[in-house]
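Notes to accompany the following structure.
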Amino acid sequence: QVQLVESGGGLVQPGGSLRLSCAASGFTFSSYAMSWYRQAPGKERELVASITSISGLTNYADSVKGRFTVSRDNAKNTVYLQMNSLKPEDTAVYYCNTGWSTPFYDYWGQGTQVAVSS
């Protein structure tokens, strides 16, 4: 069974940083691109960042370029999202999933809440 467990969210002030983690299991992690999504209240789910399976090529939404960094450790079956210079607009529930631009599996974990507020 595919399992995706996000962690690392919390309450931060504008300009602060968080590092999110996504622990994956139930599939061959190194064979899949992975992505981070977020969904703010009243808004559609948004693709934030993606990383390829082996080479580590990345892609980011314009809204987070230069502030967020996605990385992965295939030995640990974990993908990370380093979030710097956080803005109130980054407030959302953050999810990870398989795939580059769309999820390979239509499975969503519980996500982790990020709240940016002064």
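Below are the figures for this structure:
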| item | result |
| --- | --- |
| Region 1-37: number of residues that are part of a strand (DSSP E or B) and either of a type in the set (A, V, I, L, M, F, W, C) or out of contact with any Lys or Arg (no Cβ under 7 Å at 6 or more places or on another chain) (or both) | 19 |
| Per-region count, region 19-35, residues within 14 Å of the chain's Cα centre (by Cα) and open to solvent by less than 40 Å² (accessible area, probe 1.4 Å) | 7 |
| Test: residue in region 3-18 that is modelled with pLDDT under 95 and open to solvent by less than 30 Å² (accessible area, probe 1.4 Å) | no |
| Near pairs, Cβ below 8 angstrom, 6+ apart or cross-chain, from region 87-105 (within 17 Å of L11 (Cα to Cα)) to any residue that is crowded, with 18+ Cβ neighbours inside 10 Å and of a type in the set (D, E) | Y94/E6; Y95/E6 |
| Close pairs from region 53-78: first of a type outside the set (F, W, Y), partner modelled with pLDDT of 95 or more and assigned to a loop (DSSP other than H, G, I, E, B), Cβ under 6 Å, at least 6 apart | S53/Y32; S53/A33; R67/N84; R67/S85 |
| Within region 43-54, tally of residues that are modelled with pLDDT of 95 or more and out of contact with any strand residue (DSSP E or B) (no Cβ under 6 Å at 6 or more places or on another chain) | 4 |
| Some residue of region 36-59 being closer than 20 Å to T102 by Cβ, basic (K, R) and open to solvent by less than 40 Å² (accessible area, probe 1.4 Å) | yes |
| Breaking point among (1) open to solvent by 60 Å² or more (accessible area, probe 1.4 Å); (2) out of contact with any strand residue (DSSP E or B) (no Cβ under 9 Å at 6 or more places or on another chain); (3) at pLDDT 95 or above, for N74 | (1) |
| Flag for S101 being modelled with pLDDT under 95, more than 20 Å from L4 (Cβ to Cβ), surrounded by fewer than 18 Cβ atoms within 10 Å (Cβ to Cβ) and not hydrophobic (A, V, I, L, M, F, W, C) | no |
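Every residue, every condition in (1) in a strand (DSSP E or B); (2) surrounded by fewer than 16 Cβ atoms within 10 Å (Cβ to Cβ), yes or no:
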site	(1), (2)
V79	yes, no
L86	no, no
E89	no, yes
C96	yes, no
D106	no, yes
G109	no, no
V114	yes, no
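The values are calculated or read from the model by the stated rules, or taken from the named source; none is laboratory data. Quantities reported herein were computed from a predicted structural model and do not represent experimental measurements. Cβ sites come from the backbone with ideal geometry, for glycine too, and all protein chains shown count toward neighbours. Remember, those area values only see protein heavy atoms, side chains included, never the ligands or the DNA or RNA. Shrake-Rupley method; radii C 1.70, N 1.55, O 1.52, S 1.80 Å.
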